[in-house]
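Enquirer: Encoded as C-alpha cells, here's the structure I'll be asking about.
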Amino acid sequence: MPNEVKAFKPKIVAFCCNWCSYAGADLAGTNRLNYPADVKIIRVPCSCRVNPMFILRAFQRGADGVILCGCHPGDCHYTTGNYYARRRMTLLFSMLDYLGIEKERTRVEWVSAAEGAKFAATMNDFVETVTRLGENKRLEDLRCKE
Amino acid sequence: MSDRLKEQVLRTSGVNVLKCMRCGKCSATCPSYDEMEYHPHQFVYMVEKGEIEKLMASPSIYKCLSCFACIERCPRDVEPAKLVEAIRLMVIRQQGQNHLKPGQIPEMLDEELPQQAIVTAFRKYAK
Amino acid sequence: MIFSYYPGCTLKTKAKDLDRYARLSAEALGIELRELAEWQCCGGAFSMAKDEIATKLSSVRALADARETGLVTLCSACHNVIKQTNHAMATDADFAMKANNYMKLETPYNGETQVLHYLEMLRDVVGFDKLAAAVKNPLTGKKIAAYYGCLLLRPGKVLAMDNPENPKIMEDFIRAIGATPVLYPYRNECCGGYVTMEDKNLAAKKSGTVMQSAVEAEADMMITACPLCLYNLTKNAPEPRLPVYYFTELLAEALGVKEA
Amino acid sequence: MQRIGVFVCWCGSNIAGTVDVKAVSEALSHEPGVVYSINYQYMCSEAGQNLVKDAIRDYNLTGVVICSCSPRMHENTFRKAAASAGLNPYMVEIANIREQCSWIHKDMPTATEKAIILGRAAIAKVHLNAPLMAGESPVIKRALVIGGGIAGIQTALDIADAGFEVDIVEKEPTIGGKMTQLDKTFPTLDCAACILTPKMVDCAQHEKINIFSFSEVEKVKGFVGNFHVTIKKKARFVDETKCTGCGECTAKCPVKGVPNEFNLGMDNRRAIYIPFAQAVPKVATIDPNYCNMLKNGKCGLCAKVCGAGAIDYKQQDQFVEREYGAIVVATGFNPIKLDQFDEFGYSQSKDVITSLEFERLTNAAGPTSGTLLRPSDGKHPHTIVFVQCVGSRDTSGCGKTYCSRICCMYTAKHAMLTREKYPDTDVYVFYIDVRSPGKNYDEFYRRAVEQYGVHYIKGMVGKVAPRADGKLMVQASDLIAGEQLHIEADLVVLATAIEPDKTARPLATMLTASMDTNDFFTEAHAKLRPVESPTAGIFLSGACQGPKDIPDTVSQAGAAAAKVIGLLAKDKLTTNPCVAESNELMCNGCSSCEKVCPYGAITYLDKEFRMPDRTTMVRRVASVNPAVCQGCGACTVACPSGAMDLKGFSNSQIMAEVDAICQMK
C-alpha cells in the first residue's frame, strides 16, 4: 500500500552514567526486560559529564526526546556529580521549554545499578510520553534533513 | 465460580493476600478469635486458595468487630479485616440476605443502647 | 478560633452530655464550635470496601462544608469514619473521582479539610498547658483510667492522632485537669462494639477484660470519648465496675462550667 | 583517517538469536574508515581475540570497534588483546548489542537496525579517539579499619600479620564491639569474652596495629592507594599515655547514677569510667554530661586520687592526619528502637526486654552477675516467652524488610541455656519460621526442642499486657493447634531486628561508597566481589554489609583482609587515563572548574605565552593533576570557554555519537 502511514517511531537519546544507570540498563537486559528500540544509550562517566550542548545537539539533529540517568542523590560515584547534573538540567530544561521543546521531552531520572526494572519501566514510560507528543520540530535543523 | 468470587473479594477489599508471610499475628491480636469459626489468618489463606464460599457461609463474617487491631499490627500490611468486610458485603448485597432486619431491632433495644450501635450494625449487617 | 463541629447522631440523643459539656468547655476556652448547618449520620462504621461509595458521602459532604474552618469531631466512631473518609478522598483518586461525580460540588473536594478530634483540638490548638491554666476546680487526687477503645486511634497511619499502641493524649488531658492518670494495658482494646446488639456475651467478655484491667490498676473511674464504649462498659462489663464518664464532663467540671 | 576494524560477536545465540549479525557486519563495512568487518561466534574466546589481533596486524588497524556484550563485561579483555597486537588499548570501543539490544528486543529487524546504529555510533567515536597512556600512582602501605568490633579486629589482625601497618578507629572508649556484651556464642556455646578478649589484647600488642579508641573519622580525601584521612580523637579528659587503668578514679568518683551503656542502662556507672574489666585500651574516660568538674568546676576528686597524674580536665578534641592505601569499613550493627512496637509493651514494662538485654542479664559480668532475675523486682522468672521477628521481615513501615539472620539462633541459645540453668522454668518461643542454615545450626535448634524441652510454637504474639500484679499477659496464636493462647509470663524477650550503625551513612558519603536503601554498604558484586565496595580501595567487613553472625563475620573479615593485602602488596597502581585536560590556549583562568572538582585535582599556574607580536604574556591557567583526577567530567561542563575536556569521553566524541544515533534513517 503506497499510502500506508508509517507509525511514528521517536528518536530518543539516553545518557547513562557508567556506575549506576548504565549498569542498571545492563541489568534490564540481563533480566530480559523489554523497552522500545527507539532508546539509544550513550555511556558517560558521570551524569555531570553531560554538557547541555550535547542535548541541544541531539534536538538539533532531530531527536524527539532526551533522557539523562544518573546515580541516586547521595550515591554518586564521584560524590557530587549528580547534583551538578540536576541543577544544570533544571535550568536547561526550563529554557528548552521556553523555546518550545515541551518539558515532557526532557527528563532526569536516578537509576541505580540494582534497578534494572526501574530502568525498563522508565524507558517505557518515556517512550510512550514522547510518542504521544509526536515529532519534535522546534529545534530541528532542517539542514540536517536528507 | 470460585475464581470469579476470589477476584471480587480482592477487588472489593483491595488486599494483596500474597503479601502474607503466615505469622498469625492477626489471629494473635483478634478480640473475636474465640467466637470465630475461621480466624483472620485463615481468611487470608482461604481467599488465596479461592475458598470464598466457605467463608461466605460462615457466621465468622458477623463476628469481626472492625476494631482494626489486625490491620494495625500486621507486619506485612495485609489488612485481614478488609477481607472480612468484602466477603460480608458479597453476602448481604444479595437479595434477601440481610443479616439484620428492622423487625428484629425492638427486642434488641434497651434504655441506654446508643443509636450508634444500631446504625453501625445496619452498616455492617444489612444493605 | 472558629471550627465547624460535627456532633453525630448519638450526641443528639443518648449521649447529650458528651455534646453539651464539650460545647460549654469549648466556649470557656475561647473556641467557637459551629455546628454544621446540615449534617447526616456518618453511618457509625467506615466501610473498608473499595467499591462502597454512597455510604461515605455523608462524611464527604460534612468535610466539604467544613473546608474553610476545619472540622472538629467528638464521638470516636464519627471521628474514625470522617478521618478515614478524608484520607481516602486525599489518597484514593478513583474513590475521590466517583464521590465528586456523585456530589456535583461547585469545587471538587479532595481531602483538604483538617479533621481534629476534640482531644486533638485541646492538645494542638488550645494546648494542654493552657488548658491546665484555665482549670478552676482541679480534680486533684482522682485516679482516672483513660479508655481509648479501638476507633479513636486505629488505623494509626490514617488517623495519625497518637501512638496507637502506647497513646498519651488522654493521659495528658487527665493531668491537665489536675487528676492522676492510671495506665492499664487494655486501654486500646475493643469493648465489643456494635456486636453487642446480637452477642451480649462477647460484649461482656471484651468490656469485662477492659474493666477488670482498670480495676486492678486501682483507678477510681474511667473516661471515654465513645457512647458505645460507655454503654458496653457500664451495661455489659461484669462487676466490680468503675463509674465511666465522658471526658467532656470532667473537663466541664474542671473548668467550672458544668452547672452553667 | 583512521583504519577501523569492526568485529561483530554472535555470543552464541545470545546476540545472533535476535540480531542478524551478518547484516550488521555487512552494513558497518560500508561506514567511512572501516577497512575490515567480520562476525564470529564468540569474539571473547581465544580464537575470537586472535581474529582481532591478526586483523590489527594484517590490516594495519588504527581503531577497533567490537559489537558485543556490555563494555562492563569485556572492555578490558579486548583492550588487552589490542595492546598485545601493538595497538593502543584506548583505540578500542565497544557497541553494546547484547544487554542493550538483543536481550531486550524480540523482533529481529528492529534489533538488527538498532545494532547497526549502535555500531555506527561506536565507529563515529573511534574516529576521534586518540591513544592514551595510563599513568601510575604509588600505594601507601598502610590500611585503615573503621570500627573495632570482631569484624574490625579480625581484619586488622590478618592485615597486620601479613606485615602491613593498620590503624583501627573505634568510636567507643574500647574496642570489642557488640561481641563484648554477649554471654555465650552459638552453636558451640563458647564464652564470648573467652574467645574475643585474647584477640583484643593481640590487637593492642601487635607492633603493626595502632588503635585510635574514642575516635571518629572526620574527613576522607584521595583515592585508592592514596587516601588522606582526618581522625578526630574525642577528648576523654584522661591522658591515655599516662593512665594505667588501675580503677582508683572510677571507684572514688562521687557521681554514681549514670546509666551504664555497656549493660544497656540496666545498672549504673560513674561519671569517670572504664566500660568493662577487659577493655582495650584499659583507660578511663570522663563523661562530660555527668562530671561535676567539667559541668561546674566543683569536684576534681579523680585528679586527686590518680597516682599517674593522667586526668586532664582541659583536654580538647584532637585531629590527626593519616595516609592510607586502603580503607576497611567495619561499622557493625545495632538493635532497632522499639518505639513502633508498643503492642509488645517494651516501653511499658521493665520485664519486656530485648535479646541483647537478656545477654547482659545472663552474663557473669552483667548487672545481676549472671543470675537471671526480672529487672522489675529482682525475682526469678518462671515463665519466659521469646518472641521472634520483632521488626524483621516487616513491610508495614514499622520495622525492617529483611531477615535479621541471627535471631533464630541466639533465641535457641537463650532458650536452651535458660532450661539448662533453671530447669523449673517454662520457656516458650514464638516463631514464624526457624531459619538455621549453618553448619551444626539446625542440630543446635533441634537440641533446644528435643533435649531441653523448649516449647516452640508456630505463631506470633499479638499483644503483651503488663498486669497490675506484675505478670505479663501474652496473647498469641498457635497456628498449628488453631488456638489463641493466653500465657501468664514473668519475662518477655524480644528478638529485635538489627540495623546498620547510624554512623555508617555519613561515613559512606565521605567514602563515596554506595549503600542500599537499608543503609547497608553495597558490595561490588553480590556473588563474586562480596567484600569490596564498588569504590576502589574501600572494603567491607562484617554486619555493615548485611546482617551476619560471628562465624560469617570472621570469615568475611579475613576475606576483606586478603583483598587489602593484595592491594597493599603492589608498589604502584595503574591510573585511569581518561582524565580531564585543560587546553591552556583557551583557558581564561576563571576558576569555575576548580570549584566543581570533588577531588581538588585542579590547580592554577601562571604561565608565559608567546603572543603573535612576539611579546610574551603571563596568564593564569588551569592544570589537572592526572593522578588525582578521577575523570567524572564535572569541570568540562563548568568551563565557560570550552578549554576543559575529558580524554576518552571528549566533547567531540560524545557529539559524534549523538550525531550517529540521530541520523538514523
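Enquirer: Do we have A:Asn51 as modelled with pLDDT of 95 or more, surrounded by fewer than 16 Cβ atoms within 10 Å (Cβ to Cβ) and within 11 Å of another protein chain (Cβ to nearest Cβ) here?
Expert: Answer is no for this residue.
Enquirer: Looking at C:Ala219, C:Ala204, which is the one that is assigned by TED's automatic domain parsing to the domain that holds C:Val135, over 17 Å from the mean Cα position of the chain (by Cα) and either surrounded by 20 or more Cβ atoms within 10 Å (Cβ to Cβ) or assigned to a loop (DSSP other than H, G, I, E, B) (or both)?
Expert: Only one candidate qualifies: C:Ala219.
Enquirer: Does C:Ser25 meet the test of being hydroxyl-bearing (Ser, Thr, Tyr), more than 14 Å from the chain's Cα centre (by Cα) and in a loop (DSSP other than H, G, I, E, B)?
Expert: No, not satisfied.
Enquirer: Out of C:Asp172, C:Asp199, C:Asp162, report the one residue that is under 23 Å from C:Gly127 (Cα atoms) and without any contact (Cβ under 8 Å) to a residue 24 or more places away in the chain.
Expert: C:Asp162
Enquirer: Go through the residues of region C:81-98 one by one and say whether even a single one is acidic (Asp, Glu), closer than 26 Å to B:Ser66 by Cβ and surrounded by 18 or more Cβ atoms within 10 Å (Cβ to Cβ).
Expert: Looking for residues that are acidic (Asp, Glu), closer than 26 Å to B:Ser66 by Cβ and surrounded by 18 or more Cβ atoms within 10 Å (Cβ to Cβ), one finds none in region C:81-98, hence no.
Enquirer: Out of all the residues in region C:224-254, which are surrounded by 20 or more Cβ atoms within 10 Å (Cβ to Cβ), β-branched (Val, Ile, Thr) and within 24 Å of B:Leu109 (Cα to Cα)?
Expert: C:Thr224, C:Val244
Enquirer: Would a scan of region C:59-70 turn up a residue that is within 14 Å of chain B (Cβ to nearest Cβ), under 18 Å from C:Leu159 (Cα atoms) and surrounded by 23 or more Cβ atoms within 10 Å (Cβ to Cβ)?
Expert: There is at least one residue in region C:59-70 that is within 14 Å of chain B (Cβ to nearest Cβ), under 18 Å from C:Leu159 (Cα atoms) and surrounded by 23 or more Cβ atoms within 10 Å (Cβ to Cβ).
Enquirer: Same structure, new question: Could you figure out which of (1) among the polar types (S, T, N, Q); (2) in contact with an Asp or Glu (Cβ under 6 Å, 6 or more places away or on another chain); (3) under 22 Å from D:Leu356 (Cα atoms); (4) crowded, with 21+ Cβ neighbours inside 10 Å isn't true of D:Ser514?
Expert: (3)
Enquirer: Sticking with this structure for a sec: Taking only pairs six or more apart or across chains, which ones have beta-carbon atoms under 7 Å, a first residue in region D:187-204 that is in a helix (DSSP H, G or I), and a second residue that is of a type in the set (Gly, Ala, Ser)?
Expert: Within 7 Å, the pairs are D:Leu196/D:Gly176; D:Met200/D:Gly176; D:Cys203/D:Ala156.
Enquirer: Which one is farthest from D:Val328 (Cα to Cα), of the residues in region D:163-192 that are within 25 Å of the chain's Cα centre (by Cα) and β-branched (Val, Ile, Thr)?
Expert: Filtering region D:163-192 for residues that are within 25 Å of the chain's Cα centre (by Cα) and β-branched (Val, Ile, Thr), the one farthest from D:Val328 (Cα to Cα) comes out as D:Thr185.
Enquirer: Of everything in region D:71-126, what is among the polar types (S, T, N, Q), surrounded by 24 or more Cβ atoms within 10 Å (Cβ to Cβ) and within 7 Å of chain A (Cβ to nearest Cβ)? Give them in sequence order.
Expert: D:Gln100 - this is the single residue of region D:71-126 that is among the polar types (S, T, N, Q), surrounded by 24 or more Cβ atoms within 10 Å (Cβ to Cβ) and within 7 Å of chain A (Cβ to nearest Cβ).
Enquirer: Residues to consider are C:Gly30, C:Gly8, C:Gly70, C:Gly43; find the one that is in the same structural domain as C:Met103 (by TED's automatic domain parsing) and touching a Lys or Arg at 6+ places or on another chain (Cβ under 8 Å).
Expert: Sole residue among the options that is in the same structural domain as C:Met103 (by TED's automatic domain parsing) and touching a Lys or Arg at 6+ places or on another chain (Cβ under 8 Å): C:Gly43.
Enquirer: Okay, moving on. For A:Gly24, work out the one condition from (1) outside any strand (DSSP E or B); (2) within 8 Å of chain D (Cβ to nearest Cβ) it doesn't fulfil.
Expert: All conditions are met except number (2).
Enquirer: Mind checking which helices (runs of 4 or more DSSP H) fall wholly inside region D:27-141 and carry at least 1 residues that are of a type in the set (Phe, Trp, Tyr)?
Expert: Output list reads D:71-84.
Enquirer: Taking region B:13-54, which residues are part of a helix (DSSP H, G or I) and small (Gly, Ala, Ser)?
Expert: B:Ser13, B:Ser27, B:Ala28
Rundown of residues vs (1) within 14 Å of another protein chain (Cβ to nearest Cβ); (2) aliphatic (A, V, I, L, M); (3) without any contact (Cβ under 8 Å) to a residue 24 or more places away in the chain; (4) over 16 Å from D:Ala143 (Cβ atoms), yes/no style:
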{"site": "D:Tyr313", "(1), (2), (3), (4)": "no, no, no, yes"}
{"site": "D:Asp317", "(1), (2), (3), (4)": "no, no, no, yes"}
{"site": "D:Glu323", "(1), (2), (3), (4)": "no, no, no, no"}
{"site": "D:Val328", "(1), (2), (3), (4)": "no, yes, no, no"}
{"site": "D:Gly332", "(1), (2), (3), (4)": "no, no, no, yes"}
{"site": "D:Asp339", "(1), (2), (3), (4)": "yes, no, yes, yes"}
{"site": "D:Asp342", "(1), (2), (3), (4)": "yes, no, yes, yes"}
{"site": "D:Gly345", "(1), (2), (3), (4)": "yes, no, no, yes"}
{"site": "D:Asp351", "(1), (2), (3), (4)": "yes, no, no, yes"}
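Enquirer: Of everything in region C:1-48, what is touching a residue at least 24 places away in the same chain (Cβ under 8 Å), of a type in the set (Ser, Thr, Tyr) and within 11 Å of chain B (Cβ to nearest Cβ)? Give them in sequence order.
Expert: Selection gives C:Thr10 alone.
Enquirer: Name the single residue that is surrounded by the most Cβ atoms within 10 Å (Cβ to Cβ) among those in region D:213-262 being assigned to a loop (DSSP other than H, G, I, E, B) and among the basic types (Lys, Arg).
Expert: Of everything passing the filter in region D:213-262, D:Arg236 is surrounded by the most Cβ atoms within 10 Å (Cβ to Cβ).
Enquirer: Can you give me the number of residues within region D:186-205 that are buried (at least 21 other Cβ atoms within 10 Å of the Cβ) and not aliphatic (A, V, I, L, M)?
Expert: Qualifying residue count for the region: 2.
Enquirer: Could I ask something else about it? Could you pull out every one of the helices (runs of 4 or more DSSP H) wholly within region D:562-665 that has 2 or more residues that are in contact (Cβ under 8 Å) with a residue 60 or more places away in the chain?
Expert: D:651-662
Enquirer: Sticking with this one: Considering only residues that are free of Cβ contacts under 8 Å to residues at least 24 places away in the same chain and polar (S, T, N, Q), look in region B:28-58 and name the one that is nearest to the other protein chains (Cβ to nearest Cβ).
Expert: B:Gln42
Every residue, every condition in (1) more than 22 Å from D:His74 (Cα to Cα); (2) among the β-branched types (Val, Ile, Thr); (3) facing another protein chain (nearest Cβ under 9 Å); (4) surrounded by fewer than 24 Cβ atoms within 10 Å (Cβ to Cβ), yes or no:
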| residue | (1), (2), (3), (4) |
| --- | --- |
| A:Lys11 | yes, no, yes, yes |
| A:Lys40 | no, no, yes, yes |
| A:Ala58 | yes, no, yes, no |
| A:Tyr78 | yes, no, yes, no |
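Enquirer: Can you find a residue that is more than 20 Å from C:Val158 (Cα to Cα), more than 10 Å from every other protein chain (Cβ to nearest Cβ) and in contact (Cβ under 8 Å) with a residue 24 or more places away in the chain anywhere in region B:73-82?
Expert: no
Enquirer: With the checklist (1) within 14 Å of chain D (Cβ to nearest Cβ); (2) within 15 Å of the chain's Cα centre (by Cα) in hand, flag the one item B:Val9 doesn't pass.
Expert: So B:Val9 meets the others, but not (1).
Enquirer: Is there a residue being closer than 30 Å to D:Ala277 by Cβ and in contact with a strand residue (DSSP E or B) (Cβ under 6 Å, 6 or more places away or on another chain) anywhere in region D:123-144?
Expert: Scanning region D:123-144, I find at least one residue that is closer than 30 Å to D:Ala277 by Cβ and in contact with a strand residue (DSSP E or B) (Cβ under 6 Å, 6 or more places away or on another chain), so the answer is yes.
Enquirer: Given the criteria surrounded by fewer than 20 Cβ atoms within 10 Å (Cβ to Cβ) and modelled with pLDDT of 95 or more, does D:Glu499 qualify?
Expert: Here the answer is no, as D:Glu499 does not meet what is asked.
Enquirer: Still on this model: Across region D:372-397, which residue is nearest to the other protein chains (Cβ to nearest Cβ) among those that are free of Cβ contacts under 8 Å to residues at least 40 places away in the same chain and surrounded by fewer than 15 Cβ atoms within 10 Å (Cβ to Cβ)?
Expert: Only one residue fits best here, namely D:Gly397.
The values are calculated or read from the model by the stated rules, or taken from the named source; none is laboratory data. Every value quoted in this text rests on a predicted model; they were computed, and no experiment measured them. Don't worry about glycine lacking a Cβ; one is built from the backbone with ideal geometry, like all the others, and counts go over all protein chains shown.
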